[in-house]
Amino acid sequence: DPAPLPYLRCDEPWGLDLHLEILINGQVAARPPFASMYWTSPQQLAHATVNGAPLRTGDLFASGTVSGPEHGQRGCLLELTWNGRDPLELPDGTKRVFLEDGDTVTIRAKAPGASGSVISLGEVTGTVQPVLIQSRPSGLA
């Protein structure tokens with residue numbers, strides 16, 4: 001691993017111990033650990049802004065794909081299926097290479113709290129909708 005540039009060096013350990021869980025149709029597909037991210041959030045933010053990305057109070061900042069070193073810790077289907085080569089088998093036996101119409105994806109997160117407690121960071125869910133085909137007005141090709 002190359003040493004980070006001086007403006008990206010971290011003198012103290014820093015990280016977020018977030019436990020993510022990715023579900024497809026209610027079944028766990030992956031559990032990527034945010035704590036194993038190579039770059040910290042402050043490093044990612046510094047790298048983006050030093051290259052000219054504007055930043056204002058209230059802007060949202062995201063890490064991108066979160067993946068760990070183990071197979072079940074890969075954070076996206078491209079990684080989980082090696083770009084579609086090895087289908088992902090879900091606990092119910094269904095397989096996915098890519099999401100299909102009607103698939104529902106949920107991302108949950110939690111983190112350790114004080115004295116062994118667990119803090120739920122909630123979840124976000126979305127369903128893949130089929131493409132809507134709109135009819136063309138008459139006379140248009």
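For the reader, a short list of remarks on this structure follows.
- Candidate set: the stretch 120-134, residues that are at pLDDT 95 or above and aliphatic (A, V, I, L, M); chosen: the one farthest from Ser63 (Cα to Cα): Val128
- Among residues of the stretch 91-118, those that are open to solvent by 90 Å² or more (accessible area, probe 1.4 Å), farther than 18 Å from Glu79 by Cα and part of a strand (DSSP E or B), counted: 3
- Considering the stretch 13-55, and only residues there that are in a loop (DSSP other than H, G, I, E, B) and open to solvent by less than 30 Å² (accessible area, probe 1.4 Å), the residue that is farthest from Gly68 (Cα to Cα) turns out to be Thr40.
- Going through (1) under 26 Å from Arg9 (Cβ atoms); (2) open to solvent by less than 60 Å² (accessible area, probe 1.4 Å); (3) touching a Leu at 6+ places or on another chain (Cβ under 8 Å); (4) not polar (S, T, N, Q) one by one, Phe61 falls short only on (2).
The values are calculated or read from the model by the stated rules, or taken from the named source; none is laboratory data. Because the structure is predicted, anything quoted here is derived from the model rather than measured. Glycine also receives a Cβ, built like all others from the backbone with ideal geometry; neighbour counts cover every protein chain displayed. Side chains are part of the model used for accessible areas, which takes the heavy atoms of the whole protein and leaves out ligands, DNA and RNA. Shrake-Rupley method; radii C 1.70, N 1.55, O 1.52, S 1.80 Å.
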